[in-house]
1. Based on the alpha-carbon gyration tensor of the protein assembly as shown and its eigenvalue square roots a ≥ b ≥ c, which shape applies: rounded if a/c is under 1.5, prolate if not and a/b is larger than b/c, or oblate?
2. As a test of the definition: which semi-axes, in Å, follow for chain B when you take the square root of five times each eigenvalue of its alpha carbon gyration tensor? Largest first, please.
3. Restricting the count to DSSP beta bridges whose residues both fall in chain B, what percent are antiparallel, rounded to a multiple of 5?
4. Could you identify which residue out of A:S75, A:S87, A:S52 has the top mean-square fluctuation in a GNM of chain A using Cα springs shorter than 10 Å?
5. What is the mean projected area of the alpha carbon convex hull for the range B:8-128, to one decimal in square nanometres?
6. With the Cα gyration tensor of chain A giving a ≥ b ≥ c as the square roots of its eigenvalues, does the rule (a/c under 1.5 for rounded; else a/b larger than b/c for prolate; else oblate) give rounded, prolate or oblate?
7. Cut-off 10 angstrom, C-alpha nodes, Gaussian network model of chain A. Which of A:S89, A:S45, A:S30 fluctuates the most?
8. Using Cα pairs closer than 8 Å and at least 6 residues apart in sequence, work out the relative contact order for the range B:8-128, in percent.
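The values are calculated or read from the model by the stated rules, or taken from the named source; none is laboratory data. This structure is a prediction, so every number in the text was calculated from the model and none was measured. Don't worry about glycine lacking a Cβ; one is built from the backbone with ideal geometry, like all the others, and counts go over all protein chains shown. Accessible surface is based on the protein model in full, side chains and every heavy atom, while ligands, DNA and RNA are left aside. Shrake-Rupley method; radii C 1.70, N 1.55, O 1.52, S 1.80 Å.
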Amino acid sequence: MAQILVVDDSGTVRDEVCNFLRANGLAVASAMDGKDGLVKLKADSSIKLIISDVNMPNMDGLTMAEKIRTELNNSAVNIIMLTTENSPSMKERGKAAGIKGWIVKPFNGPAVISSIKKLSG
Amino acid sequence: MNNKNTLISKILVLDDGAVHLESQKAICEEWHLLGIKPQQGDIEAAMAILKSNVDLGGIMLYENYGNKTGMGLKLAREIHNFRPELPIFLRRDSVADVSGLDKKDAPMFRCVYTLNDLQVLRATLDDSIFNRIYPNDLVRGITEMTSAALQALFRNCDIDVETPYLVKDSIIYGEVFTMIAIESNWCRGYMMLQAEEDSVLNLISHRAGHESRIMTFRDLNNVLGEATNMVWGSFKNRYAGHANGHGLMQSQVPIVINHQHRYISFGSEDSQLCLKYSLRESNNVQTEPVSIYQRFVFNLNWSPDEFKDNATMESLLEAGELEFF
């Protein structure tokens with residue numbers, strides 16, 4: 001049972017984020033794009049936080065977030081974007097989908113752990 | 001006039017006239033050309049250099065190269081057949097035109113000049129290599145953002161960047177390359193990262209935490225893909241702005257990739273911006289540096305007058321930090 005779902009099409013990023021979170025005692029699952037993320041979230045009700053990339057094949061991270069809120073009707077799971085994107089319009093779209101935060105890559109482990117604590121605290 | 005204060009170009013110099021050595025040096029210095037000369041003045045040595053350098057801007061060729069009458073022309077035919085995208089600047093002894101040459105040979109040369117009058121060579125270098133202005137701020141910014149992305153992925157490495165240069169070559173370096181579209185209201189084209197598989201694979205095998213399993217080309221693909229993604233994101237955030245009216249109506253041209261010849265064409269003959277990054281393990285300075293070549297090919301639109309650096313906007317949010325909504 002995972003607490004955190006990491007969604008990224010880059011295996012390098014998935015490995016790095018998942019390994020770091022596991023090393024910090026967190027239960028982690030991963031998905032390779034937004035479509036896969038939706039499937040994994042539906043199958044595991046213990047997921048409380050999603051850390052997702054924006055630009056991915058098949059389904060991007062923002063569309064996935066919108067579908068989580070609308071189609072899955074799940075407003076409980078927290079979503080953070082971990083992305084190279086930094087455009088105000090994308091952030092606005094993220095806010096509208098109930099995203100809790102935005103992290104610009106590269107991945108900074110301690111900053112993410114601190115963010116998770118803030119979100120859960 | 002070009003922005004040669006910052007950008008150079010590598011030129012293969014096939015001109016062994018000792019008397020003209022100083023003139024050649026002066027031309028290279030004036031135009032910020034990095035001259036590469038074969039040890040021996042023969043066709044084999046020249047072609048060997050050509051085969052090992054895939055990032056050239058052009059070729060300066062003497063008609064009677066190797067002190068043999070007409071050898072330069074024979075060499076020109078081989079070069080033109082092998083790398084037709086490279087401009088050849090032919091030096092002749094007395095006449096600055098194609099008189100006396102075979103009609104079929106004349107189109108091979110971008111210009112014909114003599115040492116008595118270098119004006120035509122200057123103008124041709126401007127037109128054929130330095131025909132595109134890459135703003136200094138852009139080149140510097142690209143270097144910074146790419147170094148930062150590579151450093152994030154290769155944390156155990158020191159990264160150096162060579163002086164940026166312009167290339168006309170269309171040959172692909174190494175065995176693996178990534179390519180991503182760059183879109184903005186002032187430039188459109190592609191960015192590529194090119195590398196040799198084994199050397200980068202060896203480098204990522206030494207990344208912390210990966211000693212326990214054997215790395216494959218898929219791991220390499222992932223790392224280079226993510227490096228490309230990070231540079232693309234930084235470029236977009238900093239330079240692309242938020243273009244309106246772009247999208248489905250945008251033009252496209254076919255990209256031709258010839259695997260047999262490791263050749264890629266974007267349909268444009270304009271000089272490409274090339275940067276070479278050398279990665280060396282910090283705790284193992286004896287190892288050979290690993291090269292990653294970065295090329296920018298703005299083949300679909302290039303309007304540097306509208307270039308705008310949004311560095312301030314990007315710096316509002318430091319990489320890796322969370323912005324809460």
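1. prolate
2. Working: eigenvalues 293, 115, 63 Å².
The three semi-axes for chain B are 38, 24, 18 Å.
3. Values: 36 of 54 bridges.
Restricted to chain B, the bridges split so that about 65 percent are antiparallel.
4. A:S87
5. Working: hull surface 26.8 nm².
Over all viewing directions, the range B:8-128 projects a mean Cα-hull area of 6.7 nm².
6. Working: a/c = 1.29, a/b = 1.13, b/c = 1.14.
Cα axes put chain A in the rounded bin.
7. In this elastic network of chain A, the residue with the biggest mean-square fluctuation among A:S89, A:S45, A:S30 is A:S89.
8. Values: 172 pairs, mean separation 26.6, N = 121.
Computed over the range B:8-128, the figure is 22 percent.
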